[in-house]
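Here the structure is laid out as structure tokens; the discussion comes afterwards.
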Amino acid sequence: MIPIASLRYNGLNMSKISSTSLPLHVRFGEFELDERNALLLRSHRAIPLSPIPFNLLCALVRDPGTLLTKDELLDRVWGHRFVSASVLKGAISDLRTLLGDSPRQPRFIETVSRRGYRFICPLLPQGESAPPEGPLPPAVRVPSIGTPSPEGFIGRGEELARLQDAWRRATQGQRTIVWVAGEPGIGKSTLIAHFCSGLDHALWVRGQCVQLHGSGEPYLPVLEAIAELCRRDEQAIPLLRSVAPTWLLQLPWLCSAAQREALLNELVGAHPQRMLREMSEFLDRYTEHQPLLLITEDLHWGDPSTLQLVDYLARRRSHSRLMWLGSFRLTEIIAQDHPLNELRHELRPQGLCEEILLDAFSERDVATYVCTRLPTLAAEDRFVKALHERTSGVPLFVASLANEVLAQAAHGSLAGLADLARTRIPESLNALIDHHVAKLSGERRQLLTAAAVFGMTLRLDMLSRVLDSDPVQVAELCDRLARERLWLTEV
């Protein structure tokens, strides 16, 4: 391995950048990083970036070309005491979204499997011009689907506008509960990331629901979000001590041993339901001074206590400048009879929550993506149609197949339909499909297996003959699958 002291990029001595004595002020690609003024600029325009991702970017840029392990990054950015590696992974994903970077063909941040990350883009001092570059590879030159970039955000304009309107109402004192629903790969996290990137000077914190086997910790994603809030705003800690001591007790690193002992004595015999009232009061009081965006992703894995808090806050009558933005997989909460499904049916008719359902991309959206990612094929209507049909317009599938087509054509010209026809479904997508098919009952799996033979459309009378089943029962099962948005749609 080359010692860091000997590394040079375009004449800039990297050993000087590695020093922590001076704030960073460097350029890379089309970006300028000014650590002293907490600014990330693209073409002289500031990019909204919250403190955690900004500090993470500084940590990576400070040691360019060097592998930084996950533990090193957690120590440098979070102190390693409060977060897990999954939070680091989420922050890296946020950075890549803002930079328009691709994890498969990185230009800025390279993943070293199971070890950590490396910043790989050449650096230049502030004021020095970047050397001329050749054409970037297609995966870097253009945005991924739904990724914020100079070229724009593909699709989801209406959904983005609804999120922005909900935030406007929240800043005016109307508490809002908003859910983004859709299937894996449909773009829920990308939409949320793009929405957050457009919030100038807004305070937002995030908690992640995780799939647990057995009983998990109550309020896990909310505790994660509140811990992040306390790290970013120390004024939140005394407010927790004042109005939500049961929550402060769950975050022991925020107080001294003596304070924890006093809290334990004070809260002897406290009922667990007290945590609902305390957090509601805390959020109301905190947002008197500034609005807050609380993000909770993957609520289909949410614990019952977190869902109960959502319900309690949604029905609370007080004014609050809070927007709670969650995401979930619709088919999972329906198929598993998850408590969230009952909750959404109770809250939506009363106007106590808003649900944004992400559908697959239309053929026009796919055509827009092809124009940016595969411009030489933009005029081929048959290619666009075939790509849309083969992927059903699922953004993750569209992007993955486009990557595979580009990879096949890396050493020659794009052949359009011929390349697409011989492109296999990537193993990662096959595994995703197999995972969800495996959860289906035998009856449903058998029906979908037969239906797949028919292609994009099928006739119920023919399907019933293939299955040797009662046509009425087949029709009812297809209707249920369509209502639950499980692989079938009614045309």
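The values are calculated or read from the model by the stated rules, or taken from the named source; none is laboratory data. What you see is a predicted model; the values in this text were computed from it and never measured. Neighbour counts are summed over all protein chains in view; Cβ atoms, including those assigned to glycine, are modelled from backbone coordinates with ideal geometry. For the accessible areas, the whole protein counts, side chains as well, though only heavy atoms, and no ligand, DNA or RNA atoms are used. Shrake-Rupley method; radii C 1.70, N 1.55, O 1.52, S 1.80 Å.
What do you reckon, is residue 405 in contact with an Asp or Glu (Cβ under 7 Å, 6 or more places away or on another chain), modelled with pLDDT of 80 or more and buried (at least 17 other Cβ atoms within 10 Å of the Cβ)? Against the criterion (in contact with an Asp or Glu (Cβ under 7 Å, 6 or more places away or on another chain), modelled with pLDDT of 80 or more and buried (at least 17 other Cβ atoms within 10 Å of the Cβ)), residue 405 does not qualify. Restricting to the stretch 65-111, and then to whatever is of a type in the set (Ser, Thr, Tyr) and outside any helix (DSSP H, G or I), can you tell me which residue is modelled with the lowest pLDDT? So, considering only residues that are of a type in the set (Ser, Thr, Tyr) and outside any helix (DSSP H, G or I), the one modelled with the lowest pLDDT is 84.
One residue stands out in the stretch 193-222 among those that are of a type in the set (A, V, I, L, M, F, W, C) and open to solvent by 30 Å² or more (accessible area, probe 1.4 Å): the one that is farthest from residue 78 (Cα to Cα), namely 212. Just to be sure I understand the filter: pairs with C-beta atoms under 8 Å, separated by 6 or more residues or on different chains, first member in the stretch 248-276 and touching a residue at least 40 places away in the same chain (Cβ under 8 Å), second member β-branched (Val, Ile, Thr). Which pairs pass? Matching pairs, first to second residue: 275/246.
Within the set 391, 331, the sole residue that is within 30 Å of residue 308 (Cβ to Cβ), modelled with pLDDT under 85 and touching a Phe, Trp or Tyr at 6+ places or on another chain (Cβ under 9 Å) turns out to be 331. The helices (runs of 4 or more DSSP H) found wholly in the stretch 326-375 and carrying at least 1 residues that are open to solvent by less than 10 Å² (accessible area, probe 1.4 Å) and of a type in the set (Phe, Trp, Tyr) occupy 363-373. Scan the stretch 254-302 residue by residue and report those that are part of a helix (DSSP H, G or I) and of a type in the set (D, E, K, R). 260, 261, 266, 274, 277, 278, 281, 284, 285 - these are the residues of the stretch 254-302 that are part of a helix (DSSP H, G or I) and of a type in the set (D, E, K, R).
One residue is enough: does the stretch 300-310 have a residue meeting the conditions open to solvent by 40 Å² or more (accessible area, probe 1.4 Å) and in contact with an Asp or Glu (Cβ under 8 Å, 6 or more places away or on another chain)? Give the derivation first.
Going residue by residue through the stretch 300-310, those that are open to solvent by 40 Å² or more (accessible area, probe 1.4 Å) are 301, 304, 308.
Applying the additional criterion that residues be in contact with an Asp or Glu (Cβ under 8 Å, 6 or more places away or on another chain) yields none.
No, that holds for no residue.
Residues considered: 186, 226. Of these, the only one that is farther than 30 Å from residue 249 by Cβ and open to solvent by less than 20 Å² (accessible area, probe 1.4 Å) is 186. Could you tell me whether the stretch 234-253 includes any residue that is open to solvent by 20 Å² or more (accessible area, probe 1.4 Å) and within 30 Å of residue 46 (Cα to Cα)? Checked against the condition, which is being open to solvent by 20 Å² or more (accessible area, probe 1.4 Å) and within 30 Å of residue 46 (Cα to Cα), the stretch 234-253 yields at least one hit.
Considering (1) outside any loop (DSSP other than H, G, I, E, B); (2) over 24 Å from residue 79 (Cβ atoms); (3) out of contact with any Pro (no Cβ under 6 Å at 6 or more places or on another chain), the lone condition that residue 225 does not fulfil carries the number (2). Based on this model, can you work out whether residue 174 counts as outside any helix (DSSP H, G or I) and loosely packed, with under 15 Cβ neighbours inside 10 Å? For residue 174, the condition - outside any helix (DSSP H, G or I) and loosely packed, with under 15 Cβ neighbours inside 10 Å - is met.
Just to check your reading of the model, which residue among 398, 466, 474 is open to solvent by 70 Å² or more (accessible area, probe 1.4 Å), modelled with pLDDT of 75 or more and part of a helix (DSSP H, G or I)?
Values: 398 fails: open to solvent by 70 Å² or more (accessible area, probe 1.4 Å); 474 fails: open to solvent by 70 Å² or more (accessible area, probe 1.4 Å).
Step by step, each of 398, 466, 474 is checked, and only 466 is open to solvent by 70 Å² or more (accessible area, probe 1.4 Å), modelled with pLDDT of 75 or more and part of a helix (DSSP H, G or I).
Could you please tell me which pairs satisfy a Cβ distance under 7 Å, a separation of 6+ or placement on different chains, a first residue in the stretch 363-376 that is on the phi < 0 side of the Ramachandran plot and in contact (Cβ under 8 Å) with a residue 12 or more places away in the chain, and a second residue that is part of a helix (DSSP H, G or I) and open to solvent by 30 Å² or more (accessible area, probe 1.4 Å)? From the stretch 363-376, the pairs are 363/385; 363/388; 366/388; 373/138. Looking only at residues in the stretch 45-56 that are open to solvent by less than 30 Å² (accessible area, probe 1.4 Å) and over 10 Å from residue 94 (Cβ atoms), the one that is modelled with the highest pLDDT is 54.
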